[in-house]
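The values are calculated or read from the model by the stated rules, or taken from the named source; none is laboratory data. All values derive from a computational prediction rather than experimental measurement. All Cβ positions, even for glycine, are placed from backbone atoms using ideal geometry, and neighbour counts span all protein chains on display. These area figures cover heavy atoms from the full protein model, side chains too; ligands, DNA and RNA do not enter into them. Shrake-Rupley method; radii C 1.70, N 1.55, O 1.52, S 1.80 Å.
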Amino acid sequence: MRHTATQAIVLAIMVAACGSSRPAPPVVSRDLIIETGYARATRDLWSHYWDAGDDNPAGSPRIRATQGNGGPDNGLIVDSQRATTFWQMAQFHKLLFGQWVFDQSATAREAIGANWRAIRTTYSDAQLRGDGRADQSISVSDDAGWKAAFLAQVHTVTGDPAALHDLEEMIPAVTARFLDPNQPRLFHGKTPAGRALFSNPHGILYAAQEDRHAYATYGRVSTLYEATLALAALYAYEQDKDPAYLSYAKETYRWIHTDLRNVKQSSDDTATGVYLCELMLEPAGLQSDHPQAKNRYYGKPVRALSAEYGGGTLAMAVLAARLYRLTHDSAYLVEARDIIKAFVLPDAFGRWRKGRLLFVNARDPWTEGYWYPEAVAEVLTLPGIDPAGTFRSAVRNTAAAIMAARMPDGYYGADWSGTELDPADGVMTWFEESTRANGGRGGGLAAPRQIMTSANSALLLQAAHLLRS
């Protein structure tokens, strides 16, 4: 049969994930729940989202294609679709990447290689290293971050120089596309292929002005999502030592730390030390030389309203950790410590439920779990971080809560700490919120069946698994 080898790969993963068939002991420990839960979740998601080649027009083993943003089928599988929605695919790819990096799974490595080959039959080199307009793989600048992270992961696993070259040329292409013409341009140098790399002192735009619909929707803002692009640039620097990428990564860290770190502004504000998501660059008539955060809100994060973004805050912790290890500048170590210390607070992302501290999935359940594994593997291993083990315990508690809420059909929701108060609609879940999109037909933030929702919950389970292993 044509797909015998690939089917064997999938079967091996499912068998390995099932674990022992022995009956559980009368008292089930939290660690056992986490380990069996992580195994079950990976099995579930492989079953849902890995296509052995039978269900797509090209007949190529790959991550299943999903419907793009905007409609009621947002994030759901569309096997007849040849091209993937890149940023959505990248969320599940991150789980595979972790299985290889942290668990040394040869099966995950083979799947990443197969998916990369399928991607390269769908997208040309020019598209992969471009700014995402021609192939519509990048609509707004956070899409660029997920695509860049994907390319870095592919290069790490496969060693394919094409993936690194695509990454190195894509970064200056997308920063050029999303430059804010109303800010000065910062020149970081030229890439190995001779392309100039620029950015803005208060961040590149979330939506380019030329993309009229997106720009009208989001306005003139820069965002915390740029930290993910900076992390990919730092990876590029570590491969070729080209100083342009390091300069861009440091500058992105600087502006985010300066402009988006949530600090106490008045006696009524909550000083959390975590990061706001968006920076308002309009109106131009602000009577200040310093831009203000969009929808600045200093209370504790509230689901679907919060101006603070947990996933981006952890991205900054990982960026700080990597910059510290690279430069030995203690300021980065201090920031990594401060983020982990602040993250668990009830006025930040900590929630006490039945005597246990959990993390709330407050703002973007499609990407919230992305950096948790690296936070455990790279940030918590730095000196003096989380000395009481509060962050570690909350990761484990949240993982157990995610498993307890597993859907009967093997999908994983975003309500990690239970329901949250939505000021507009009262107490409701992310799933209920998702059903209200598109006139009640669904497709909004965040249904468990959406690839990005389930994948990001599984990534938190992966983080808990790392604490156990």
Looking for whichever is free of Cβ contacts under 8 Å to residues at least 12 places away in the same chain, of a type in the set (K, R) and surrounded by fewer than 24 Cβ atoms within 10 Å (Cβ to Cβ) here; the options are R468, R441, R392, R436. Which one fits?
R436
Qualifying position, being at positive phi, open to solvent by less than 20 Å² (accessible area, probe 1.4 Å) and at pLDDT 80 or above, among G53, G59
G53
Tell me which of these L164 doesn't satisfy, since it passes every other one: (1) open to solvent by 10 Å² or more (accessible area, probe 1.4 Å); (2) more than 22 Å from T258 (Cα to Cα); (3) in contact with a helix residue (DSSP H, G or I) (Cβ under 6 Å, 6 or more places away or on another chain); (4) assigned to a loop (DSSP other than H, G, I, E, B).
(4)
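Can you find a residue in the range 146-158 that is over 19 Å from the mean Cα position of the chain (by Cα) and either open to solvent by less than 40 Å² (accessible area, probe 1.4 Å) or under 27 Å from L197 (Cα atoms) (or both)?
First, pick out the residues of the range 146-158 that are over 19 Å from the mean Cα position of the chain (by Cα): 158.
Still in the list and also either open to solvent by less than 40 Å² (accessible area, probe 1.4 Å) or under 27 Å from L197 (Cα atoms) (or both): 158.
Yes: one or more hits.
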When you scan the range 349-365, how many residues do you find that are touching a Leu at 6+ places or on another chain (Cβ under 7 Å) and part of a loop (DSSP other than H, G, I, E, B)?
1
For the range 292-336, how many residues meet the condition of being hydroxyl-bearing (S, T, Y), open to solvent by less than 10 Å² (accessible area, probe 1.4 Å) and at pLDDT below 95?
2
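A quick yes/no check of all residues on (1) in contact with a Gly (Cβ under 7 Å, 6 or more places away or on another chain); (2) touching a residue at least 12 places away in the same chain (Cβ under 8 Å); (3) of a type in the set (D, E):
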{"site": "T313", "(1), (2), (3)": "no, yes, no"}
{"site": "L323", "(1), (2), (3)": "no, yes, no"}
{"site": "H328", "(1), (2), (3)": "no, no, no"}
{"site": "Y332", "(1), (2), (3)": "no, yes, no"}
{"site": "V344", "(1), (2), (3)": "yes, yes, no"}
{"site": "A348", "(1), (2), (3)": "no, yes, no"}
{"site": "Y370", "(1), (2), (3)": "yes, yes, no"}
{"site": "V379", "(1), (2), (3)": "no, yes, no"}
{"site": "L382", "(1), (2), (3)": "no, yes, no"}
Considering only the range 370-388, I want to know if a residue exists there that is more than 19 Å from the chain's Cα centre (by Cα) and outside any loop (DSSP other than H, G, I, E, B).
no
Name the single residue, out of those in the range 98-126 being polar (S, T, N, Q) and either part of a helix (DSSP H, G or I) or in contact with a helix residue (DSSP H, G or I) (Cβ under 6 Å, 6 or more places away or on another chain) (or both), that is surrounded by the most Cβ atoms within 10 Å (Cβ to Cβ).
Q99
Can you tell me which condition S393 does not meet? The list is (1) small (G, A, S); (2) modelled with pLDDT of 90 or more; (3) in contact with a strand residue (DSSP E or B) (Cβ under 7 Å, 6 or more places away or on another chain); (4) not in a helix (DSSP H, G or I), and all the others hold.
(4)
List pairs: first in the range 137-151 and farther than 12 Å from L167 by Cβ, second small (G, A, S) and in a helix (DSSP H, G or I), Cβ under 7 Å, 6+ apart or cross-chain?
I138/A144; S139/A214; V140/A214; W146/A90
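Given T367, T381, which one is under 22 Å from G70 (Cα atoms) and either of a type in the set (S, T, Y) or in contact with a strand residue (DSSP E or B) (Cβ under 7 Å, 6 or more places away or on another chain) (or both)?
T367
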G189 being open to solvent by less than 40 Å² (accessible area, probe 1.4 Å), in contact (Cβ under 8 Å) with a residue 24 or more places away in the chain and in a strand (DSSP E or B):
yes
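Yes/no matrix, rows are residues, columns are (1) among the aliphatic types (A, V, I, L, M); (2) crowded, with 24+ Cβ neighbours inside 10 Å; (3) in a loop (DSSP other than H, G, I, E, B):
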| residue | (1), (2), (3) |
| --- | --- |
| N69 | no, no, yes |
| W87 | no, yes, no |
| H93 | no, yes, no |
| L96 | yes, yes, no |
Please state which of the following conditions Y206 fails to meet, knowing it meets all the rest: (1) farther than 30 Å from A58 by Cβ; (2) in contact with a Lys or Arg (Cβ under 7 Å, 6 or more places away or on another chain); (3) buried (at least 23 other Cβ atoms within 10 Å of the Cβ).
(2)
Residues that are at pLDDT 95 or above and at positive phi: does the range 141-164 have at least one?
yes
Look through L197, L246 and report the one residue that is at pLDDT 95 or above, touching a strand residue (DSSP E or B) at 6+ places or on another chain (Cβ under 9 Å), outside any helix (DSSP H, G or I) and under 21 Å from A173 (Cβ atoms).
L197
Hits in the range 405-418 (condition: open to solvent by 70 Å² or more (accessible area, probe 1.4 Å) and modelled with pLDDT under 95)
none
